[in-house]
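Everything below concerns the one structure shown next.
The values are calculated or read from the model by the stated rules, or taken from the named source; none is laboratory data. These numbers come from a predicted model, not from an experiment. Heads up, the Cβs are rebuilt from the backbone with ideal geometry, glycines too, and the neighbour counts pull from every protein chain shown. Calculation scope for accessible area: heavy atoms of the full protein, side chains included, ligands and nucleic acids excluded. Shrake-Rupley method; radii C 1.70, N 1.55, O 1.52, S 1.80 Å.
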Amino acid sequence: MSASSVKNKLPVKWGFLDKEEGEKMTTLRTTVVVLLGASVLAASVQGASVPGASVPGASVLAASVQGASVPGASVLVASVLVASVPGASVPGASVPGASVLGRPLLYGPSTALQKTVEEFQCEVESSSKEVSILYQLFREGDRSKTLGFYTALSGEMANFPLFITASYEGYMVCVASVQNNTVIQPTVSERHHLRVVDPVNGAEVVVQSGSLEFYEGKPLSLRCNITKGNHVSYQWLVDGKPLPLSPLHNQTQELFLYSMVPQDSGEYTCVATNQLNFTKVYSSRSTAKVIKVKELVSEPDLLFLVLKERDGTYFALVTCQSLKGTPPITFSLYSRSEFISTETVDERFARFSIPVVLDLHMGFLQCQAENGDRVVYGQWTAMHVVSVGGAVTMHYDADVGENFSIVGLRFYCSVERGTFPQYRWFLNGTVLEGRGDFYWVENQPERSILLLSVGRSSAGTYHCDVSNSFDGTTVISSEERYIDKEVLNHLPTMVVAVVFGCFLFLVTLVTTCCFIGLLYLKRQCLVEKSTLDLKLGLEMHNIMVSDEDEGFLGRPCIMVAEDDNEDEEEYMEDEGVVRAARIIDSDQEEVESTDEWLQLQQELKKTLEDEIPEKSF
């Protein structure tokens, strides 16, 4: 290989050798002689490097080389002569002091914005000798394409300014190797992750489920498309408010609502967001899509009103009405035997006119309503118009205020029969309509109610009239009733008499109970006293009998002198009295009822019966 060819292979900085080393190489004079089985001469080379020179069975001569090195040279069965070469070395040839390359450290941002320049650094800290190190930046797992390279001496940091593109996202590694040395193996840094952010833009809502207007019960599928951006999060808004999270609402880039209801109608918007860091956030908001969920029609109701023609005939104005449903709605009217008419309207009701005859049952009618895919039917209604007739009844309820005085009345007026009765209230012959200062009229299908505040202005005679609403020729009146505040609050004589009689009866009853109680207490006292007397007599009798028994059995008697006889008798009487008193005290505790009194009588009777035979004996 010639010197010119070596020169052409030397790169500048960002290559294999730096610029300074390249300039030195231009002044080198290299003469390489390879002799198989002979000698190798390298002379007049300043800073030359002949890597990989391996001459088996030969000799290598390096002379007059300043800073020349022959790394990796292996000389087998030969001699190596290094003469007049200041600083010459043969690395890799078992030369003492050779070093091992440490593991490089890779630094750089973890997040970068697309189409910006970011700088990464790589260094080897543990290299003990100044050598030229080549740093290369790769994506992990892909060594086919270099993201950047840099040459630096050991201890010097390598810089990689990179123009960030989306392909740089992922893990990258730094590979460090000693230039022009295949003995020292390259080392690889820890992997470093880079997240590349492309600012989001061009958000747009696309309706994937079809039309913007549809009937309730169907699903809605929306998608938020963007023209650019990555690492995007999505939020859905309805009428400017965030759509609440729900298991029924699957919202990511696509929004899917399983069963729509009319309340879900509104303007749907998506907001796409991504962020570089906590301070730099990018977002894009789409234009709103107006979603209208139509309401299915509900079961229709049938109402009819009877009117009178100028010629004296009558007809019914039948109304088919639904409380729910998005127009247009098609209403149809049927009888039991035939279809009558149909009409499509932009309202929730339709009217049909049919002739009627008073007091004649004309069969049954039914309404049908339809919108969208739904058809519903109403209830069958009898077409039977009856004129007012029979008795008109009027009654009232009172409202009681403070001091139990009547402050208000509720009058009720009803007629015995009639399909469309019309009620009118009168006070002293004047019609009361709607709402006044002291009254309020409320008409209902089956009766009319007059709410009245009792006072001076409301005093007078009241009655009500009833007639057909479609024909005022037949009028039936109720009985009249006079209303006055003083009369209403005046108690009738019968009420006063009843109250006084009840009070007198109560007093008499209490007095009788007290008298009976006194008699009962007196009787109890007499019974107790008789019981005590009887028991005292019984005990005295027992004492006398016991004394007689002792004399009869011949017990010794203590005779006393006549002077002392009276005192002894008095003493004996005193002892009997004491015993009787003790018996009375004990008897007062034992005798508690009339039953004991009877028991004592039986015992006394039995005792007397037993004593009579003994005395006769």
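Note on the range 317-424: Cα-Cα pairs beyond 22 Å make up 55% of the total pair count. Label-to-label distance for residue 440 and residue 323 is 2.4 nm, based on points extended 7 Å past Cα in the beta-carbon direction.
Modelled spin-label separation between residue 510 and residue 221, with each label point placed 7 Å from Cα along the Cα-to-Cβ direction: 8.9 nm.
Computed with every protein chain present, the accessible area of residue 440 is close to 110 Å² [probe 1.4 Å].
Diffusion coefficient of the range 373-518 by Stokes-Einstein, Kirkwood radius over Cα pairs, 37 °C, 0.692 mPa s: 173 µm²/s. Charged neighbours of residue 105, selected by a Cβ distance under 9 Å, balance to -2 (K, R count +1; D, E count -1). Within the set of other residues whose C-beta is less than 15 Å from the C-beta of residue 300, count the net charge using Lys and Arg as +1 and Asp and Glu as -1. Around residue 300, the surrounding residues sum to -2.
Given a 1.4 Å probe and the protein chains as shown, residue 431 ends up with an accessible area of around 50 Å². Using the 1.4 Å probe convention, the accessible area of the range 413-516 works out to 66 Å² per residue with neighbouring protein chains retained. Residues 226, 516 ordered from highest to lowest accessible area at a 1.4 Å probe: 516, 226.
For the range 320-470, averaging the sequence separation of C-alpha pairs within contact (under 8 Å, six or more residues apart) and dividing by the residue count gives a relative contact order of 17 percent. Each residue was assigned an accessible area with a 1.4 Å probe, and for residue 311 the value is about 120 Å². Simple point charges give the picture: +1 on the Cβ of Lys and Arg, -1 on the Cβ of Asp and Glu, and for the range 245-310 a dipole about the Cα centre of about 320 debye.
If Lys and Arg each add +1 and Asp and Glu each add -1, what is the summed charge of the other residues whose beta carbon sits under 15 Å from the beta carbon of residue 314? Counting the neighbours of residue 314, the net charge comes to -2.
So which trypsin sites (Lys or Arg not before Pro) in the range 414-470 pass both tests, a DSSP loop state and at most 11 other Cβ atoms within 10 Å of the Cβ? Of the trypsin sites (Lys or Arg not before Pro), the ones in loops of the range 414-470 whose Cβ has at most 11 other Cβ atoms within 10 Å are 456. The string of couplings for the range 184-198 from the Karplus curve (6.51, -1.76, 1.60, θ = phi - 60°) is 7, 6, x, 10, 10, 7, 5, 6, 10, 8, 10, 9, 9, 10, 10 Hz, one whole number per residue in order, with x for Gly and Pro. Pairs from the table (218/241; 218/294; 241/292) lying more than 19 angstrom apart at Cα are 218/241. List the trypsin sites (Lys or Arg not before Pro) within the range 305-347 that fall in a DSSP loop (any state other than H, G, I, E or B) and whose Cβ has at most 11 other Cβ atoms within 10 Å. For trypsin sites (Lys or Arg not before Pro) across the range 305-347 that sit outside H, G, I, E and B with at most 11 neighbouring Cβ atoms in 10 Å, the list reads 310, 336.
With a Förster radius of 51 Å applied to the beta-carbon distance between residue 185 and residue 113, the computed FRET efficiency rounds to 0.90. Of the GluC sites (Glu not before Pro) found in the range 251-328, those that fall in a DSSP loop while having at most 10 other beta-carbon atoms within 10 Å are 309.
Annotation for residue 406 and residue 481: the two label points, set 7 Å from Cα along the Cα-Cβ direction, are 0.8 nm apart.
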